[in-house]
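Since the structure comes first, as structure tokens, the remarks are kept for the end.
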């Protein structure tokens, strides 16, 4: 059975048997890491690349006065630190949120993956999508209201988890209200009010880490969620880019929306 990394990368590039064999090979020797464990700290000089196979992790930074900002969630199939090959040291920290299955992949194995043209393209796509997600999060925190910010993050998590095998509109959300507040840039008190509003509108339920999105269409509309920044689906990868314009964007959105609603 293909692991989460294979499922994720196939969303960008069609993979053959050899590519899947290579990805499954580097995903061996996984370790279970407890929740709330730092994989890397700001200033570290890592020698391996971490891959999340199960669980939740996050990127974060602290201000000088101790305020934390979560800048990304790392889900099954996500590499935590591919930039280790370029940058001298970590400029942020990475920690598990829940108990997670993590693989530490040596540098030479990553370089061997990059020798394969399809895998090189797929990993480059994954890195570009990471940058696109960061841009969307900047827009989210900077320009949307708190309720929209939270709803947008939940829509994103649902779609990203669907890519690696989630079925339905519910998933485990092993986050505290403090984690969510540090994600959308608000206080825990205001975050609690936002959650109550979403529940009151019958958009979500969240109990014992089980999040249920009750109406994905309404939640997307409320948050202004446009999934185009996730660039999911490789069926159009070989088409020429010229003169596609809004038609291509619309087709992509329809395809992704179907994933969300199924």
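Points worth noting:
- Within segment 187-209, the set of residues being touching a strand residue (DSSP E or B) at 6+ places or on another chain (Cβ under 6 Å) and at pLDDT 95 or above comprises 198, 204, 205.
- Flag for residue 22 being within 19 Å of the chain's Cα centre (by Cα), in the same structural domain as residue 107 (by TED's automatic domain parsing) and surrounded by 14 or more Cβ atoms within 10 Å (Cβ to Cβ): no
- Matching residues in segment 111-131 - criterion: being within 20 Å of the chain's Cα centre (by Cα), surrounded by 14 or more Cβ atoms within 10 Å (Cβ to Cβ) and either more than 30 Å from residue 185 (Cα to Cα) or in contact (Cβ under 8 Å) with a residue 60 or more places away in the chain (or both): 119, 121, 122, 123, 125, 126, 129
- Close pairs (6 angstrom Cβ cut-off, 6 or more residues apart or separate chains): touching a residue at least 60 places away in the same chain (Cβ under 8 Å) and in the same structural domain as residue 93 (by TED's automatic domain parsing) in segment 25-46, surrounded by 14 or more Cβ atoms within 10 Å (Cβ to Cβ) and assigned to a loop (DSSP other than H, G, I, E, B) anywhere: 27/3; 34/99; 35/98; 35/99
- Checked against the criteria, residue 151 does not count as surrounded by fewer than 19 Cβ atoms within 10 Å (Cβ to Cβ), within 29 Å of residue 62 (Cβ to Cβ) and touching a residue at least 24 places away in the same chain (Cβ under 8 Å).
- The residue pairs whose first member lies in segment 86-107 and is outside the structural domain of residue 30 (by TED's automatic domain parsing), whose second member is surrounded by 20 or more Cβ atoms within 10 Å (Cβ to Cβ) and at pLDDT below 95, and whose beta carbons are closer than 6 Å, counting only pairs six or more residues apart or on different chains, do not exist in this structure.
- Selection over segment 132-148 of residues that are in contact (Cβ under 8 Å) with a residue 12 or more places away in the chain and either more than 30 Å from residue 21 (Cβ to Cβ) or touching a helix residue (DSSP H, G or I) at 6+ places or on another chain (Cβ under 6 Å) (or both) gives a count of 11.
- Checking residue 175 against (1) outside any helix (DSSP H, G or I); (2) modelled with pLDDT of 95 or more; (3) over 15 Å from the mean Cα position of the chain (by Cα), the condition it does not meet: (3)
- Restricting attention to segment 1-13, the residues being in a loop (DSSP other than H, G, I, E, B) and surrounded by 14 or more Cβ atoms within 10 Å (Cβ to Cβ) number 5.
- Enumeration of residues in segment 172-185 that are surrounded by fewer than 18 Cβ atoms within 10 Å (Cβ to Cβ) and in contact (Cβ under 8 Å) with a residue 24 or more places away in the chain: 172, 174, 185
- Residues (at pLDDT 90 or above, surrounded by fewer than 15 Cβ atoms within 10 Å (Cβ to Cβ) and part of a loop (DSSP other than H, G, I, E, B)) located in segment 87-110: 91
The values are calculated or read from the model by the stated rules, or taken from the named source; none is laboratory data. Computed from a predicted structure; not experimentally measured. Ideal geometry is used to build each Cβ from the backbone, glycine not excepted, and the neighbour counts take in all protein chains shown.
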